[in-house]
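Presented below is the structure to which this report refers.
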Amino acid sequence: MRKDLLSIKDLDIEDIESIFSMSADLKQRRQKPQDALFAPLQRKTLAMIFQKASTRTRISFEVGMYQLGGRALYLDKNDLQMGRGEPLVDTARILSRYVDAVLVRTYQHKEVEDLAKFAAIPVINGLTDKLHPCQIISDMFTIKEKKGRLKNLKIAYIGDGNNIANSWLYAAAKMNLHLWIACPLGYEPDRGIIKEVMSPEIVEKKQIVICQDPKEAAYQADIMYTDVWASMGQEEEQKKRIRDFAGYQIDEALLQKAREDVLVMHCLPAHRGEEITEAALEGKNSIVFDQAENRLYAQQAILLKLLAEDAL
């Protein structure tokens with residue numbers, strides 16, 4: 001595995017499969033009291049830089065480090081001199097001398113890339129406006145856990161072509177997944193990423209399809225996935241987006257287009273009644289909270305891969 005995890009495209013298939021295996025092992029270990037002393041990251045420290053609010057990312061990484069014997073240090077934008085003009089290169093060099101790894105959750109993806117460029121320690125992308133790799137790695141693990149496989153499953157993503165959709169594109173291309181993304185016109189995923197992943201073979205086989213019809217994407221889907229229509233930083237667009245995304249809600253009617261055993265996923269937080277109904281989120285096909293729980297194990301596996309790969 002490379003020094004940093006900035007994007008799923010940075011990982012080999014073997015890396016991803018190894019993370020899945022380690023995640024499953026860590027999840028089993030949590031049920032065994034005798035493994036309470038398992039502390040492969042003892043004396044290791046993770047600096048967590050958060051310029052965006054977080055529930056699942058912060059808690060799962062902080063608890064994950066604690067359970068593995070390490071410590072996580074939470075730093076918001078007011079805790080660092082970066083907000084007062086200190087160059088990113090200086091911050092990267094200082095952190096490299098104090099801690100063992102850095103998790104960054106911010107707006108501009110270039111900030112994470114620049115931090116990784118100048119840091120001598122691993123840098124993990126905890127979310128940018130462009131990508132959210134840890135979320136999708138955990139989601140793939142959850143699908144494999146529930147379905148027993150990833151191969152030959154149709155994953156339908158309905159909604160905004162945001163960082164989640166972008167990361168699913170990289171995951172689908174890397175892992176040969178069947179991915180359909182349905183977005184309103186003008187809300188498609190990043191054009192550069194689309195161009196990057198849409199090889200002639202993928203287009204010919206319709207392995208990855210981007211369309212505007214949510215019913216077409218949902219047809220015979222094994223997985224139905226959505227995210228909020230307005231992400232952090234887009235709150236002023238909320239009313240317009242609600243109008244533009246009319247018809248892109250995961251509800252009972254749309255679920256009827258999918259397979260009977262379809263799994264419903266959402267990376268949370270959810271705006272119930274907007275991108276997904278209460279009934280769909282809380283229904284028998286929903287695995288949303290299992291999905292959220294698995295962030296803990298998948299991210300622990302990522303930490304071990306970067307800091308103590310031979311621990312398991």
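Once you place label points 7 Å from the Cα toward the Cβ at Asp25 and Lys215, how far apart are they in nm? Going by the 7 Å Cα→Cβ label model, 4.9 nm. Across the chain, the volume of the C-alpha convex hull divided among the residues equals 131 Å³ per residue.
Label sites at Met198 and Asn285, each approximated as a point 7 angstrom past Cα along Cα to Cβ, lie 2.8 nm apart. As an exercise, use a Förster radius of 30 Å and the Cβ-Cβ distance of Asp261 and Gln42 to find the FRET efficiency, rounded to the nearest 0.05. My answer for the efficiency is 0.10. Hey, what number do you get for the chain at 222 nm if only DSSP H runs of n ≥ 4 count, each worth -39500 (n - 2.57), divided across all residues, to the nearest 500? Counting only the DSSP helices, I get -12500 deg cm²/dmol. Distance from the alpha carbon centroid of the stretch 166-212 to that of the stretch 1-51 works out to 27 angstrom. Dipole magnitude for the chain: about 520 debye, using +1 per Lys or Arg Cβ and -1 per Asp or Glu Cβ, origin at the Cα centre. For the Cα atoms of the chain, what angle does the longest principal axis make with the long axis of helix 56-67, in degrees from 0 to 90, nearest 10? Roughly 40 degrees between the two axes.
Of the residues Glu235, Glu293, Glu278, the one that moves most in a GNM of the chain with alpha-carbon contacts below 10 Å is Glu235. In a reduced charge model with +1 at each Lys and Arg Cβ and -1 at each Asp and Glu Cβ, the stretch 136-291 shows a dipole moment near 520 debye about its Cα centre. Counting only alpha carbon atoms, the long axis of helix 163-175 and the longest principal axis of the chain meet at about 90°.
Checking the Cα-Cα distances for Lys146/Lys205; Lys147/Lys174; Lys117/Lys305; Lys44/Lys130; Lys52/Lys215 against a 22 Å cut-off, the pairs over it are Lys146/Lys205; Lys44/Lys130; Lys52/Lys215. Projecting each Cα onto the charge dipole of the stretch 136-291 (Lys/Arg +1, Asp/Glu -1 at the beta carbon, about the Cα centre), which of Trp168, Gln256, His178 comes out farthest on the positive side? In the stretch 136-291, that residue is His178.
Placing +1 on the Cβ of every Lys and Arg and -1 on the Cβ of every Asp and Glu, with no other charges, gives the stretch 1-52 a dipole of roughly 380 debye about its Cα centre. For Gly70, the amide hydrogen comes within under 5 Å of the amide hydrogens of Leu41, counting only partners 5 or more places away or on other chains and with H modelled in the peptide plane.
Projecting each Cα onto the charge dipole of the chain (Lys/Arg +1, Asp/Glu -1 at the beta carbon, about the Cα centre), which of Ser18, Gly247, Tyr219 comes out farthest on the positive side? The one lying farthest along the dipole's positive direction is Ser18.
No value in this document is a laboratory result; all are computed from the given coordinates. All figures in this text were calculated on a predicted structure; none of them were measured in a lab. Neighbour counts are summed over all protein chains in view; Cβ atoms, including those assigned to glycine, are modelled from backbone coordinates with ideal geometry.
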